[in-house]
Every structure is written in structure tokens, then in C-alpha cells.
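What follows is a set of notes on a single structure, which appears directly below.
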Amino acid sequence: MICIHSAAQIATLGGGGTKPKAGREMEELGLIEDGGIVIEDGIFTFVGTSEEARRYAAEHSGDQEVTMLSAQGKTVTPGLVDPHTHIVFAGSREFELNLRLQGAKYMDILNAGGGILYTTERTREAAEEQLMAETVKRLDRFLEYGVTTVEAKSGYGLRLEDELKQLRVARRLDASHPVDLVSTFMGAHAVPAEYKGNADAFVRSVIEEMIPAVAREGLAEFCDVFCEEGVFTVEQSRDILLAGQRWGLKPKIHADELAAYGGAELAAELGAVSADHLLNASEAGIQQMAESGVIAVLLPGTAFFLMARPADARAMIAAGVPVALSTDRNPGSSPTESLPFIMNLACLTMRMTPAEVLAACTINAAHAIGRADTIGSIEAGKQADLVIFDAPNYLYLQYHYAVNLVDTVIKKGEAVVQSGRRVFA
């Protein structure tokens, strides 16, 4: 049994029921001053004041040894959740930075054989063990930044054997690494070079070959598609997501990143779990997402790195769309594992409040990957994932920006980061 006590502030994010927080609810953090938490067998069993937690531990410990952990002067939050990453890949694309600084656009680089297609070549060449080794380094960094669960998309194979390879690596890492991975199939990330000029034939391959194979092997929970001008049309995207649904894969969608293209509207039509990016989502699309309960997963780091205008978070929150945040960790448009920096950017570039940002990276992010019943808030009965930040209150996390304030990370009741350093084997 672990008793965390004397926390300056605990943001529990509890009490939200079965739906993600939307509108003003995103300001409701369930704050407890001088807080305490009791953990037993990897589960939260009590959360309240420090005095109440000490008393609960004393009364319920029986013959167990109680580990007392002081969080004096520090802030405790649920473990951070990243609901949109492309974490399993080989290689890097630092050479693209100069191209963008010289004025090259995202689609210019992709159409010239760079971007996703460059990473596809490296990923196809890599064996599973190489992908494992490269991805472990990224997961270690995520954990040191307080991220305890990530979504992991495929999409750098773009052919059956390599899409399966990415997803198998994600499954192996979910079993072996402290960070939990939730897998999404995204075979429709780009049209590969061998199908150039014949996107419809590639879509048929995704629908008829890839999706059934992924589903039969149980390698993914979600199906995603890059619905974007010059990539996959709304009609192609609809066909792919409907095929995924027939095979039990819940829909997600990369929507309206580079232009207003109807992706938000399609997400609402299909009842997608989330629509992601949304830099250019229309007012109608935002309203339809709110009415359908689609979560907006916003990626301010991607806009920042591509030097683009970010998504209109304020309009989405005002419309009642639940908002989550993510790094979009990938090798081209957002090469970072620092979700806390993304939280800073959400405040400074999208004018989200510190409370909204914390809700977006915990309970709402958990809803965006179908895990809100077990993670995303500090409540009795949930998995004991939490972060102790060296900060006197939650506001300080966004005030003292671009530094890592993580002191301790507890994953499933075990300390995996202490004094800012990982301590797991």
C-alpha cells in the first residue's frame, strides 16, 4: 500500500460521469488542497485530504507495509494521456526543416517523395527489433514527461506486411514497457509510390486486404484515415472507415489539417470517436461534431512546427466540442515527446486556459482512446497512474513553460520515474 500525502494540490479530474468534459466542464478539475491518495495493488482506493488519506491507510492496511510518500509543495495529476501518435517508425527527417524554412509546404515535400513516403521507405527496411529499439527510446522520453498512456498509429508501412509489422511492435511494447499503448490502424496515411496515380486501387487494398488482416489478428482497436485534399477524398475516407467498422474497428479521422475539406463533417456523420488536427474545420463541421459527440484532438505542436495557424480551440469549446490534446509524435511535422510543452502551446497559441489544458490531456484524452473507464482521473477503482509535478499548483505548469517539471511518475501503482529520472529496468 502507498499513501501519498501533503500534496499542495491534487487535480483529480473526477466526477465527470461517462462522457468527456465539454464547454465549461473543462474548467472543473476536482481540486483538493493538502491532498492525499491511497494506492493498493495498482489501483486507487482513496483520494481526499492528507489527513483523511493517512487515516484510511492506517485503518485498511492490516498486515501490509504502508509506504508513505510526501508530495509537500507539489501538484498531483492523473497520468498524462497522449491520444494521437505515430510513434512506431524508423529513421528521422531533420533535413526537411531547411526545406520548410525555404518555403516548401507539407504537400510539396510529400509529392517530391519526402514526408510520409520517406519514412515509409525507412520503416519497410527496418526489422521488428530495430523498430522496437527506436520506439523504446521515444516511450522512455514520454514517461519522463509524465505520459503514462499513448495511442500508436500504423501508417508508415502502406502495405500489408509492414502495417502488420508496426502494429505487432506496438503490441509487444504494450506488453513490455511501462507506458500503455493503444493501437490504431492507419494504412490510409498516404498513397504509396507504387500506387501513384491509382489511389482507388490502393483504397481497395486497404479495405479488402489490410483491414481484415488487422482485425483477424486483433492488432488494433481503431481505424484512421488521412482525409485531405491530395491524399484521400471524403468518399474514399468514408469507404475505409465504414469497412473498418464492419470489422469492429472504431473510426478516427485526420481531418481538415491543410484545408477545409469536409473531414469534420464526415467524422460527425460516422460518429467517429475523434477528429484530429482540424486547423481548417468549418463552422458547420464544428457544430456537427458537437451534436454528434465527436472529440476534437488538437495538435498545437504540429501547427507550431509547420509554422501554421493553429486550430480554433476557443470556437470548439464554445460550441460544446470536447477537446483533447496530443503531441502528434511523428518524424516530420511534430518530432517531440514533450506533452507538457504541447500543453504550454495550447495556452499560448490557442488561448486555452490551464484548467482546460489539463482536462484535455487527462480525462478527455482518455475518452479519445476509449480508456476513460480505467485512466484519466484519480478516482477510487481506477488504475493508479499519476504524476507528481514540482509545482505549487496546476497553474504553475503552464506558467513555467518549456521545462520538465515532472518529479515522480507512478504507473499501475509502481514508481517508474523518481526525481525526474526513470527508475524501471
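The values are calculated or read from the model by the stated rules, or taken from the named source; none is laboratory data. Quantities reported herein were computed from a predicted structural model and do not represent experimental measurements. Cβ: placed from backbone, ideal geometry, glycine included. Neighbour counts: every protein chain shown. For the accessible areas, the whole protein counts, side chains as well, though only heavy atoms, and no ligand, DNA or RNA atoms are used. Shrake-Rupley method; radii C 1.70, N 1.55, O 1.52, S 1.80 Å.
Here TYR106 meets each of (1) in contact with an Asp or Glu (Cβ under 7 Å, 6 or more places away or on another chain); (2) at pLDDT below 95 with one exception, condition (1). Within the range 292-309, being open to solvent by 30 Å² or more (accessible area, probe 1.4 Å) and either at positive phi or in contact with a helix residue (DSSP H, G or I) (Cβ under 7 Å, 6 or more places away or on another chain) (or both) holds for SER292, GLY293, PHE304, LEU306, MET307, ARG309. Per this entry, GLY157 is not counted among residues that are more than 19 Å from HIS277 (Cβ to Cβ), open to solvent by 10 Å² or more (accessible area, probe 1.4 Å) and out of contact with any Leu (no Cβ under 6 Å at 6 or more places or on another chain).
Might you check whether a residue that is under 18 Å from ALA90 (Cβ atoms), modelled with pLDDT under 95 and under 22 Å from the mean Cα position of the chain (by Cα) occurs anywhere in the range 115-123? Scanning the range 115-123 turns up at least one residue that is under 18 Å from ALA90 (Cβ atoms), modelled with pLDDT under 95 and under 22 Å from the mean Cα position of the chain (by Cα).
Highlighted here are the helices (runs of 4 or more DSSP H) found entirely within the range 310-425 that include at least 2 residues which are open to solvent by 10 Å² or more (accessible area, probe 1.4 Å), modelled with pLDDT of 95 or more and closer than 30 Å to GLY114 by Cα: 339-350.
Every residue in the range 195-207 that is at pLDDT 95 or above and either touching a strand residue (DSSP E or B) at 6+ places or on another chain (Cβ under 7 Å) or more than 14 Å from GLU161 (Cα to Cα) (or both), please.
The answer is TYR195, ASN198, ALA199, ASP200, ALA201, PHE202, VAL203, ARG204, VAL206, ILE207.
Pairs are defined by a Cβ separation below 7 Å, a sequence spacing of at least 6 or placement on different chains, a first member in the range 321-333 that is closer than 16 Å to MET26 by Cα, and a second member that is among the basic types (Lys, Arg) and outside any loop (DSSP other than H, G, I, E, B); no pair meets this definition.
Criterion first (at pLDDT 95 or above and surrounded by fewer than 18 Cβ atoms within 10 Å (Cβ to Cβ)) does ARG138 satisfy it? No; evaluated as a whole, the condition is false for this residue. Of all residues in the range 277-297, none are without any contact (Cβ under 8 Å) to a residue 60 or more places away in the chain, within 17 Å of PHE185 (Cα to Cα), among the hydrophobic types (A, V, I, L, M, F, W, C) and in contact with a strand residue (DSSP E or B) (Cβ under 9 Å, 6 or more places away or on another chain).
As a summary of the residue check, ALA272 satisfies the conditions (1) out of contact with any Pro (no Cβ under 7 Å at 6 or more places or on another chain); (2) outside any helix (DSSP H, G or I); (3) on the phi < 0 side of the Ramachandran plot; (4) without any contact (Cβ under 8 Å) to a residue 60 or more places away in the chain except for the one numbered (1).
For the range 275-291, what are the residues that are in a helix (DSSP H, G or I) and open to solvent by less than 40 Å² (accessible area, probe 1.4 Å)? Don't jump to the end; show me each part of the working.
Kept after step one, since they are in a helix (DSSP H, G or I), are these residues of the range 275-291: 283-291.
Within the range 275-291, GLY285, ILE286, MET289, ALA290 qualify.
All but one of (1) open to solvent by 30 Å² or more (accessible area, probe 1.4 Å); (2) under 20 Å from VAL416 (Cα atoms) hold for ARG168, so report the exception by its number. Condition not satisfied by ARG168: (2). Summed over the range 208-259, the residues that are modelled with pLDDT of 95 or more, of a type in the set (Asp, Glu) and open to solvent by 20 Å² or more (accessible area, probe 1.4 Å) give a count of 6. When the range 85-116 is limited to residues that are in a helix (DSSP H, G or I) and open to solvent by less than 30 Å² (accessible area, probe 1.4 Å), the one that is farthest from PHE222 (Cα to Cα) turns out to be ARG100.
In the list GLY114, GLY35, GLY17, which residue meets the criterion of being in contact with a Gly (Cβ under 9 Å, 6 or more places away or on another chain), more than 26 Å from GLY332 (Cα to Cα) and of a type in the set (Gly, Ala, Ser)?
Testing whether each residue is in contact with a Gly (Cβ under 9 Å, 6 or more places away or on another chain), more than 26 Å from GLY332 (Cα to Cα) and of a type in the set (Gly, Ala, Ser) leaves just GLY35.
Of the residues screened, THR49 is not one that is modelled with pLDDT of 95 or more and within 20 Å of LYS411 (Cβ to Cβ). For the range 260-274, filtered to residues that are open to solvent by less than 20 Å² (accessible area, probe 1.4 Å) and under 19 Å from the mean Cα position of the chain (by Cα), the residue that is farthest from ARG314 (Cα to Cα) is ALA272.
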